[in-house]
Amino acid sequence: MQFFVDTANLDHIREAAELGILDGVTTNPSLMAKEGISGEKNIMKHYRTICEIVGKDKDVSAEVISTDFKGMVAEGKKLAEIHENIVVKVPMIREGIKAISHFTEIGIRTNCTLIFSAGQAILAAKAGATYLSPFIGRIDDTNWDGMALIKEIFKIYTTQGYETAILAASIRSPLHIVQAAKAGADVVTCPLSAILGLFNHPLTDIGLEKFLADYKKANG
Ligand code: G3P
C-alpha cells in the first residue's frame, strides 16, 4: 500500500519525504486555502514546489475548481503541464465523469474525488480514473462505516478487473491506515500526524530505554 500525505503544507511534505516512505501528495482547495495559497499563479507555483520536494515518480493530486466539462478540461490541462507528477483531481459529478473519460483518452492521469458510494466507484472506474478517493473519515462522521465502503469497492474492482487504484482518503488516524491496508486500499492519504502515529508503542519505548541502560551499565 502506498502512503500519500494529504496536505499543502510544505514542512509536513518535507518531513514525510525525509522518512523515505512517501509515495505522493494529495491536496484540495480547502488544504490550499489553509496554507494561505491563493491566485492562479501562486497556486501553480505551490504545486510545482510540492512536485520538486517529493521528487521523481511521486504522484501529486491537484484539484480543478470548475464544475463544467469545458472548464475542467482547460484547467486540468494547465495543471498537468506544471509537472509530470501532477494527477488531475476531479469531483464525482456528471461533468466530472465526462472530463475524466476525456483525460483518459488523451493520457492525463486523474483522481476522482468525493466518493461516498460503490456506485460512484463503478462510474469512476468505467471512465478510466487512475485513482478513486472514497472519503472514509467523513462517512464515519455521519455514523456510517467508512471502511466498509473500501471493502465493498475492493470486492467490486477485484471481481470486475477494474484498474483504478483505491486511494482511501479522509484518513484521520493510525488505526484508519491499518484498517485501510487490511481492506485492500492501494493507497492511503492522510495528515502527517496519522503516519507518525504508526510509530507509537509504549513497549518500544520501554524496550529501547532498557537496551540503552544495559549498554551503559556494561560499558560505563
Ligand atoms: O483527501 C480528502 C481529505 O482532504 C478530506 O479529509 O479530514 O477533511 O475529511 P477530511
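The values are calculated or read from the model by the stated rules, or taken from the named source; none is laboratory data. Computed from a predicted structure; not experimentally measured. Please note: Cβ atoms are built from the backbone with ideal geometry, for glycine as well, and neighbour counts cover all protein chains shown. Ligands, DNA and RNA are excluded from the accessible area calculation, which covers all protein heavy atoms including side chains. Shrake-Rupley method; radii C 1.70, N 1.55, O 1.52, S 1.80 Å.
Things to note:
- Looking at ASP59, ASP6, just one residue is open to solvent by less than 30 Å² (accessible area, probe 1.4 Å), within 16 Å of the ligand (Cβ to nearest atom) and among the acidic types (Asp, Glu), and that residue is ASP59.
- In segment 107-158, of all residues being basic (Lys, Arg) and farther than 23 Å from SER30 by Cα, the one that is surrounded by the fewest Cβ atoms within 10 Å (Cβ to Cβ) corresponds to LYS155.
- Residue within segment 65-79 that is out of contact with any strand residue (DSSP E or B) (no Cβ under 9 Å at 6 or more places or on another chain) and within 16 Å of the ligand (Cβ to nearest atom) present: yes
- Look at (1) within 24 Å of ASN28 (Cα to Cα); (2) among the basic types (Lys, Arg); (3) surrounded by fewer than 18 Cβ atoms within 10 Å (Cβ to Cβ) and you find that ARG172 fails only one, number (3).
- Residue in segment 208-220 that is on the phi > 0 side of the Ramachandran plot and open to solvent by 20 Å² or more (accessible area, probe 1.4 Å) present: yes
- If you go through segment 77-90 and pick out every residue that is out of contact with any helix residue (DSSP H, G or I) (no Cβ under 6 Å at 6 or more places or on another chain) and open to solvent by less than 20 Å² (accessible area, probe 1.4 Å), you end up with 3.
- All conditions but one from (1) within 15 Å of the ligand (Cβ to nearest atom); (2) exposed (fewer than 15 other Cβ atoms within 10 Å of the Cβ); (3) closer than 22 Å to ALA16 by Cβ apply to ASN200; the one that does not is (1).
- Those residues of segment 159-169 which are of a type outside the set (Phe, Trp, Tyr) and open to solvent by 40 Å² or more (accessible area, probe 1.4 Å), in sequence order: THR159, GLN160, GLY161, GLU163
- Test result for ALA194, away from the ligand (no atom under 12 Å from the Cβ) and either loosely packed, with under 11 Cβ neighbours inside 10 Å or within 18 Å of the chain's Cα centre (by Cα) (or both): no
- Remark: pairs (first residue in segment 28-55, within 16 Å of the ligand (Cβ to nearest atom); second residue aromatic (Phe, Trp, Tyr); Cβ separation under 7 Å; 6+ apart in sequence or on different chains) are absent.
- Taken over segment 86-101, residues that are free of Cβ contacts under 8 Å to residues at least 40 places away in the same chain and either in a loop (DSSP other than H, G, I, E, B) or within 27 Å of ASN42 (Cβ to Cβ) (or both) amount to 10.
- Positions within segment 17-49 being open to solvent by less than 20 Å² (accessible area, probe 1.4 Å), under 21 Å from ILE166 (Cα atoms) and aliphatic (A, V, I, L, M), in sequence order: LEU22, VAL25
- Scanning segment 88-105 for residues that are over 17 Å from the mean Cα position of the chain (by Cα) and among the aliphatic types (A, V, I, L, M) gives ILE93, ILE97, ALA99, ILE100.
- Applying the criterion of at least 1 residues that are of a type in the set (Ser, Thr, Tyr) to the helices (runs of 4 or more DSSP H) found wholly in segment 103-220 leaves 146-160, 192-197, 202-219.
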